[in-house]
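Note sheet for the following structure.
The values are calculated or read from the model by the stated rules, or taken from the named source; none is laboratory data. Keep in mind that this is a model prediction, so the values were computed, not measured. Cβ placement follows ideal geometry from the backbone for every residue including glycine, while neighbour counts extend to all protein chains displayed. For the accessible areas, the whole protein counts, side chains as well, though only heavy atoms, and no ligand, DNA or RNA atoms are used. Shrake-Rupley method; radii C 1.70, N 1.55, O 1.52, S 1.80 Å.
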Amino acid sequence: METTSRVGAQGAGTADASAADAAAQNAEGAPGARRTVDGYLLASFPWYGLDEAFTGPRWLMQVGSAADGTVEHGATGHGEEPMLRIERADPHAAKQRFAVVVTVASRPGRRSADGTGVLEATSVSSAAWLAGSGLLSCTWPAQMERALRQDWLDQQTALAWELADHLDDSAWSTLSLPVDGVPTDFRYRESEYGWVLAGSAEGVHIGAYGRGMSAYGMGFSVIKDITDYRG
């Protein structure tokens, strides 16, 4: 989101695909215990999750990697896993309470692994985009016909991209939340599908999205042992 390079956009697209893949895995009801922790262990940056004030279930999602295998971002879940397949048949699913924390490595603009282009720098907007697309992927209208879902998702994803690229607009407000105990400003917005926020910490950008759990009382901290999220 920091460049207009087509290769840069392609890099962001990879992040988008990873978020969509993670949501698709949730939609199929894959239990968190079956998601591998290996990719998380390969990251050169710390993972963030909700701090110890949250005492509910924690579960793994997926990591996103560059073409050379370098881990660039990933997400961890908290609360009830959103499952689209159930949502279509169970009205209770629409009331599920969950929060997903997205960690994005802080990277400067750089050459792609194959040397053919330039990957854009990551930013708070990168975290906002991944959080926004992740929320959409797991909260689309339950009664929508299957044939219309992709068109709806494409349209809403384009809007999420535009919103993430303009974090100073009135659609966003500022919310101060603790990160490792330090008050930190996040950009925050709500919609009928849930909420999204994004900010920065030491060496990473943090995004989060959720539904049924208020963002106002949340805090974030470095995950000391990512294997605790295997369930």
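Odds and ends about this structure:
- Test: residue in segment 158-179 that is at pLDDT 80 or above, open to solvent by 20 Å² or more (accessible area, probe 1.4 Å) and touching a Pro at 6+ places or on another chain (Cβ under 7 Å): yes
- Residue ID - surrounded by the most Cβ atoms within 10 Å (Cβ to Cβ), chosen from residues in segment 180-223 that are modelled with pLDDT of 95 or more and more than 17 Å from the chain's Cα centre (by Cα): Thr184
- Condition met for Glu52 (modelled with pLDDT of 80 or more, assigned to a loop (DSSP other than H, G, I, E, B), among the charged types (D, E, K, R) and under 14 Å from Ile223 (Cβ atoms)): yes
- Among the candidates Ala66, Ala99, Ala121, the residue that is at pLDDT 95 or above and surrounded by 13 or more Cβ atoms within 10 Å (Cβ to Cβ) is uniquely Ala99.
- Residue count for segment 156-196, restricted to those that are of a type in the set (A, V, I, L, M), under 14 Å from Gly207 (Cα atoms) and in a loop (DSSP other than H, G, I, E, B): 1
- Failed criterion for His92 (all others in (1) at pLDDT below 85; (2) of a type outside the set (Val, Ile, Thr); (3) part of a loop (DSSP other than H, G, I, E, B) hold): (3)
- Of residues in segment 41-63 being out of contact with any Phe, Trp or Tyr (no Cβ under 7 Å at 6 or more places or on another chain), aliphatic (A, V, I, L, M) and under 17 Å from Thr227 (Cα atoms), the one most open to solvent (accessible area, probe 1.4 Å): Leu42
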